[in-house]
Amino acid sequence: MAFHTTNGKKGFTLIELLVVMAIIATLMTLVAPKYFKQTERAKEVVLQHNIRGLREAIDNYRQDLAAGPQTLDDLVSRRYLKEVPLDPVTGRRDSWVTEVDDDALIQEVRSGAPGTSLGGEAYAQW
């Protein structure tokens, strides 16, 4: 596609550069949605893993102490967790929603993230 000018310099025409840019833009429109879908899917996998880890820690706490924790920080202070995990959808550690029993002890934990997963299920139902 390169051409020679009358003075012998090589180069590309403006049209050739625009065609290349159009091809790149078209490829980007095909690739970008898949990339963002994969990042959402990765967040969901991390969220599922973190919820599972929290639930296991609560179960272990309950098994060892015959009662559930009052807060998620109790799991950290008693070394059932290193730290309260991050909710990857909200990007926060304090967005977890806990269900407590009559004694105000945690029985269940869910994500406090608004919205729905790629599968259409609300994050709060996980």
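222 nm [θ] for the chain, helices only, -39500 (n - 2.57) per DSSP H run of 4+, per residue, to 500? Walk me through the numbers on the way to the answer.
Values: 2 runs with 58 residues, N = 126.
It comes out at -16500 deg cm²/dmol, rounded to the nearest 500.
For the range 114-122, take each phi angle, set θ = phi - 60°, evaluate the Karplus expression 6.51 cos²θ - 1.76 cosθ + 1.60, and give the result in whole Hz per residue in order, putting x for glycine and proline.
x, x, 10, 6, 4, x, x, 8, 5
Could you give each residue of the range 45-50 its phi-based ³J(HN,Hα) in whole Hz, using Karplus coefficients 6.51, -1.76, 1.60 with θ = phi - 60°, and x for Gly or Pro?
These are the phi-based 3J(HN,Hα) values: 5, 5, 4, 4, 5, 5 Hz.
Could you rank the peptides 21-31, 89-99 by their average count of other C-beta atoms within 10 Å per residue, with the highest value first? Don't skip to the answer; put the middle values down first.
Numbers: 21-31: 9.6, 89-99: 14.5.
Peptide ranking by packing, descending: 89-99, 21-31.
When the Kirkwood hydrodynamic radius is evaluated over all pairs of different C-alpha atoms of the range 43-125, what value in angstrom, to one decimal, is obtained? Each step should come with its number before you reach the end.
On the way: mean 1/r = 0.0768 Å⁻¹.
After inverting the pairwise mean of 1/r, the radius is 13.0 Å.
Please work out the FRET efficiency for the pair residue 28 and residue 93, using the Cβ-Cβ distance as r and a Förster radius of 41 Å; give the result to the nearest 0.05.
Working: r = 35 Å, r/R0 = 0.85.
After rounding to 0.05, the efficiency reads 0.75.
For residue 39 and residue 102, compute 0.36 nm times the residue count separating them, minus their Cα-Cα distance, and round to one decimal in nm.
Details: separation 63, 0.36 × 63 = 22.68 nm, distance 3.93 nm.
The span from residue 39 to residue 102 would gain 18.8 nm if fully extended.
Provide the net charge surrounding residue 109, with neighbours chosen by a C-beta distance below 9 Å and charges set as Lys +1, Arg +1, Asp -1, Glu -1.
Numbers: positive: 55, 110; negative: 99, 108.
Local net charge: 0.
Under a straight-distance cross-link criterion of Cα-Cα below 27 Å, which lysines are reachable from residue 82, leaving out those fewer than 8 residues away in the same chain?
Partners within reach: 43.
Coordinate-derived values only; no laboratory data. Keep in mind it's a predicted model, so treat the numbers as computed, not measured. Note: ideal-geometry Cβ built from the backbone for every residue, glycine included; neighbour counts use all protein chains shown.
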